[in-house]
Amino acid sequence: MTTNPIKITDTTFRDAHQSLMATRLRTEDMEPIAAQMDEAGFHSAEVWGGATFDAATRFLAEDPWERLRTFKGLMPKTPLQMLLRGQSLVGYRTYADDVVESFVDRSADNGIDIFRVFDALNYEPNLEIAASAVKKSGKHLQMAICYTVTEEGRLGGSIYNLDYYVNKARNFLEFGADSICLKDMGGLMAPYDAVELVTALKEFLPVPLQLHLHYTSGMASMTALKAIEAGVDVVDTALAPLALRTSQPAIEPLLVTLQNTDRDTGLDLNKMLEMGDYLESMLPKYRAELETPRAAVIDAKVLSHQIPGGMASNLVSQLREADALDKINDVLEEIPRTRAELGFPPLVTPMSQMVGSQSVSNVLFGRYTMISEPVKEYFRGNFGTPPSAVDEDLKAKVIEQDGGVEREAPVRPGAALDPEMDAAREAISDISTDIDDTLIYALYPQTGLRFLNIKHGLEPIPDDMKPRTAEQQASPSASQAAPADMSPNARRFNVYVQGQRFEVDVDPSDAGTVVTSASGAPAPSTSPSPSVAPASAGASRDGSDAILVAPMPGMLVSIAVKVGQTVSAGETLVVLEAMKMQNSLPAPIAGTVKELPVAAGTQVAKDEALAIIAP
Ligand code: CO
């Protein structure tokens, strides 16, 4: 009866937890069901790539290569799949060709069988090197087309219409694709649009067609079913405990829906339920990561704001860290506006982070008061050609900041970069000569270096990178609580006195304030008066000094000035990496750099003082 079984890729170990819990699932918590997963009969298991590489090194003190080898050992039968961002690999910028070639080669060697390769702008030149490296490795090359829509919210219109996807599929085939994937990051593909797309693509594609959906808007189960009826070859699903919401459709109902049809999955429901039981028993320790402020399981608004799953959970955790979760609706409204100004890029990594954090910055500090470095690079054409025209005034603003000279953008952005692997080898030669370690550094020079120091025992594992138990999750440390007699305006600061760090709670005693935020605008009245802060810290800070504080938590990447140096207002003092973007923070006033309390490479909290300027 089953003439054409639908094949299933399980995403539980990668996209599912990337979407629902900011990619925080640890290897040790996946290992217990990896062997069962291997026996389940999936077409493939997506276990790596995307944000897992970054999250493992940045937040979990876990070696991502080791994770891959662990899965390979426990899952020898099931092809292991990864998501690769073309020339951006598993990072957020364009890397040099030698990094791309080496990364693909090492990924294949460590256990990846199927590479799903995409570019955020569906820009072919950005796929060339990664695609040819996969072909060279002898592994399966899946070329993925990012699916998105414009304001219409449906397939069609002047940019993202049927012709667009048919043309992209034809172009992507030419890379030697072993399969083609339609990748709907935002849950935007409507069921009947899927029928139209699948029918048109299956008409000419000589290779299998796979569909990757996110449930976000509530359409994905219907879309998967209609696509299966229309003849799609493979669909992505996740086990129920990590399915739905912003993740993939659940396998269990789909499996039963298709039983005894010509597209029966052939999978065993009881095996799925057993693995689901394990996840249910393990996941309570991740309650903080899984928590959302929303009541609804679906987000119907996604049909207008088009925010992909991983991006939505990141926005929530970033705004929570920045103490601004109440601004979430403003940010969601800002995103379509920012996206239009950027020429309607598909909202997928790195574009989703770029549009997302630029929108957060626009809401918190004023529209384009700070333009992140990647967004500037985008306007310079260094991510490739945008799908549609960008805002001319913004482009002019970036050119003006570049000194009035418009730089010529290369056709293939990667071709403009000098090789990077030798410098990376050199940079970590005191720590390691291992090629996989070198790639970690080449991908993320700041957070990667910190990870390598931890991995090789040169730095202790910070407490916030250690695994937690369900009990610890239930009773958060009481030490963070402020004394009962402090006002809600109180803020905690790290204050450095002669190299020693002190945590100081500051409660403002009057409204007068000269503390300025990074935007150069007066800080909100909740900021402490410096006449209070220095007094309680025992340091001698003149009341008229301006303090540049971190507008959001992040890592201080570099310091552009020295103590004693004269600076003008607006001049870059430091570069803060926050929300995975590098942001230049300008001097709030003209004056002399009096203190630089934080060293480069340090993780800083929101409102932590980064520079003190005496007028
Ligand atoms: Co996805």
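Values in this text are rule-based calculations from the coordinates and carry no lab data. Just so you know, these numbers come straight off a predicted model, no measurement behind them. Note that we place each Cβ from the backbone using ideal geometry, even for glycine, and neighbour counts take in every protein chain shown.
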* Asked: How much FRET efficiency would the formula 1/(1 + (r/R0)^6) give for Thr292 and Arg468, where r is the Cβ-Cβ distance and R0 is 30 Å, rounded to 0.05?
  -> 0.95
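What relative contact order, as a whole-number percentage, does segment 302-415 give when Cα pairs under 8 Å and 6 or more residues apart are counted? Write down the numbers at each step before the final one.
Values: 104 pairs, mean separation 27.2, N = 114.
Rounded, it is 24 percent for segment 302-415.
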* To do: Calculate how steeply helix 191-204 sits against the longest principal axis of the alpha-carbon atoms of the chain, using the helix alpha-carbon long axis, and give the answer as 0 to 90 degrees to the nearest 10.
  => 60 degrees
* To do: Report the residues of segment 362-390 in range of a label on Asp330: point 7 Å along Cα→C-beta, backbone N strictly under 15 Å from it.
  => 362-370
* Structure fact -> Rounded to 0.05, the calculated FRET efficiency for the beta carbons of Asp391 and Glu280 at R₀ = 41 Å is 0.30
* Asked: Here are some pairs, Lys135/Lys376; Lys285/Lys466; Lys139/Lys466; Lys183/Lys301; Lys226/Lys271; Lys72/Lys455; which of them have Cα atoms lying more than 23 Å apart in this structure?
  -> Lys135/Lys376; Lys139/Lys466; Lys226/Lys271
* **Estimated FRET transfer efficiency (Glu426, Ile159; beta-carbon r; R0 41 Å; 0.05)** => 0.40
* Measuring from label point to label point, each 7 Å out along Cα→Cβ, what is the Thr257 to Thr592 span in nm? -> 7.1 nm
* Mean separation of Cα contacts under 8 Å (6+ apart) over length of the chain, as relative contact order % -> 13 percent
* Roughly what % antiparallel, to the nearest 5, for the DSSP beta bridges in the chain? -> 50 percent
* Asked: Once you put a point 7 Å from the Cα of Lys562 and another 7 Å from the Cα of Glu459, both along the Cβ direction, what distance in nm separates them?
  -> 2.6 nm
* Please determine, in degrees from 0 to 90 and to the nearest 10, the orientation of helix 269-282 with respect to the longest principal axis defined by the Cα atoms of the chain, where the helix direction is its Cα long axis. => 10 degrees
* Applying the Karplus parametrisation 6.51 cos²θ - 1.76 cosθ + 1.60 with θ = phi - 60° to the phi angles of segment 340-349, what ³J(HN,Hα) value in whole Hz is obtained for each residue in order, glycine and proline being reported as x? -> 4, 5, 9, x, 6, x, x, 8, 9, 4
* Structure fact -> The lysines whose Cα lies under 25 Å from the Cα of Lys562, excluding any fewer than 8 residues away in the same chain, are Lys594, Lys606
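Against the globular-protein guess of 2.2 N^0.38 Å, express the Cα radius of gyration of the chain as a ratio, rounded to two decimals.
Taking the Cα Rg and dividing by 2.2 N^0.38 Å, one obtains 0.98.
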* Structure fact -> Burial-style ranking of 4-11, 391-398, 360-367, average other-beta-carbon count within 10 Å with highest first, yields 4-11, 360-367, 391-398
* Structure fact -> Ordering 560-566, 291-297, 143-149, 168-174 by per-residue average of other C-beta atoms within 10 angstrom, highest first, gives 143-149, 168-174, 560-566, 291-297
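Where does segment 7-290 land on Rg/Rh, using Cα atoms and the Kirkwood Rh?
That ratio equals 0.94.
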